[in-house]
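I have placed the structure first, in the form of structure tokens, so that the comments after it can refer back to it.
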Amino acid sequence: MTTTRTQVAIIGGGPSGLLLSQLLDLNGIDSIVIERKSREYVLGRIRAGVLEAGSVKLLQDAGVGDRMAREGQTHDGVELSWHDERLHIDLKALTGTPVTVYGQTEITHDLYDAREARGGQVIHEAEVQRIEGAETDSPVVVYHKDGQEHRIECRFVAGCDGFHGPARKAIPDTHRKEFIREYPFGWLGMLSRTPPATEELIYATHDRGFALCSMRSDEISRYYVQVPLTEKVEDWSPDRFWDELKRRIPADVAGNLVTEGEVLEMSIAPLRSFVSEPMRYGSLFLAGDAAHIVPPTGAKGLNLAIGDVYYLHRALEQAIKDNNTAGIDGYSDTALSRVWKCERFSWWMTSILHDFPDQGDFEKRMQRAEFEYLARSETARKSLAENYVGLPY
């Protein structure tokens, strides 16, 4: 057994864990990141790509914004469609703020490079077994690597280890309450080496189900179609996917769709809304998917994780450098206030855009009424835009 000492032990080497480590390091605070998978596996995960302005600012503050500034795409708006009807939501005109399209994989790559440049310690292929003394001022993270047990003694533990990680489970059931909404469908996604169908994202509602046209760059596109949870990705050929997508998006967009290109990835993701309260237990803090999940419809998952890191790094710095516990004492309530507002927006977007198996004519008319209201009311569009570009920290 080996024992190591650090100020903050961070479980999870995804973007939230790496970003937290980078921000703490820039403020003179030591941390060790423990990641269950290999670096190659982490960088191979295909995830979100729409960044709020606040997320962009925090990444810039962390010193990882240069490549994003060069390669990221600034989008001033998004589109909603109802069959062949198209509705443009001018985000910048309505809020003064655009969004940035830059893939999560690229953010993770930038963060790895930044941690290496500063000598940050990231331990890969390390399985956290337990967190000891989370309720005390001297917690210990115990992990296995290469057949050996290792211990990290620290002052604080940050659980950035996702929905299935051990951090949330270290909070006793008597102190934890979970809220969950499972949706009766998933998203079948395709990443392809093809130019995007349009310059901005299109969220499409159709009787056959929801579809989304997105992108990662000028050469890489990301598309989704709503499917039942019973579907299997191996039953979907690229041709079948393209045919289904064309049926659900406006005819003029379908006519411009480029389908001749390499398929880089296909997968099916179930949709859920999930929140675990509180996000702090003693010296243990949760951030990102460890504490909450949103359906991807509102583009909030990664942005919520970055928001948590914004609150958490400031609270930890205040506690460690100034011996002031106000930030850590208020972390859970502060973060959850923003989380629940983003949960609401993602739930609402999911509800108005998807075809639910049990919905009747009344529910479909309500969806249509939402679309028409957005088309006719600048106030309604401004509300959507305000949430989409990101609520303030």
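The values are calculated or read from the model by the stated rules, or taken from the named source; none is laboratory data. None of these values were measured; they are calculated from a predicted model. For neighbour counting, all protein chains shown are included, and Cβ atoms are generated from backbone atoms with ideal geometry for every residue, glycine included. Heads up: the accessible areas ignore ligands, DNA and RNA and are worked out on the full protein's heavy atoms, side chains in. Shrake-Rupley method; radii C 1.70, N 1.55, O 1.52, S 1.80 Å.
Worth a mention:
- Selection of region 187-220 for residues being among the small types (Gly, Ala, Ser) and in contact (Cβ under 8 Å) with a residue 40 or more places away in the chain yields GLY189, SER192, ALA197, ALA204, GLY209, SER214, SER217.
- Enumeration of residues in region 332-389 that are open to solvent by less than 90 Å² (accessible area, probe 1.4 Å), touching a residue at least 60 places away in the same chain (Cβ under 8 Å), among the charged types (D, E, K, R) and closer than 22 Å to ASN303 by Cα: GLU343, ARG381
- Per the conditions (1) more than 25 Å from ASP137 (Cβ to Cβ); (2) outside any helix (DSSP H, G or I); (3) modelled with pLDDT of 95 or more, the sole criterion not satisfied by ILE46 is (3).
- Output for region 1-38, where each listed residue is open to solvent by 50 Å² or more (accessible area, probe 1.4 Å) and closer than 30 Å to TYR224 by Cβ: ARG36, LYS37
- Reported count of residues in region 217-234, each being crowded, with 22+ Cβ neighbours inside 10 Å and closer than 15 Å to THR194 by Cβ, is 4.
- Those residues of region 246-267 which are assigned to a strand (DSSP E or B) and within 19 Å of TYR203 (Cβ to Cβ), in sequence order: none
- Given (1) open to solvent by 40 Å² or more (accessible area, probe 1.4 Å); (2) part of a loop (DSSP other than H, G, I, E, B); (3) under 22 Å from ALA305 (Cβ atoms), number of the condition GLU182 does not satisfy: (2)
- Tally of residues being open to solvent by 30 Å² or more (accessible area, probe 1.4 Å), among the basic types (Lys, Arg) and under 22 Å from the mean Cα position of the chain (by Cα) across region 299-331: 1
- Inspection of region 59-79 finds a residue satisfying the criterion of being free of Cβ contacts under 8 Å to residues at least 24 places away in the same chain, in a helix (DSSP H, G or I), closer than 20 Å to GLY14 by Cβ and within 24 Å of the chain's Cα centre (by Cα).
- Of the candidates ASP137, ASP84, the single residue that is modelled with pLDDT under 95 and open to solvent by 70 Å² or more (accessible area, probe 1.4 Å) is ASP84.
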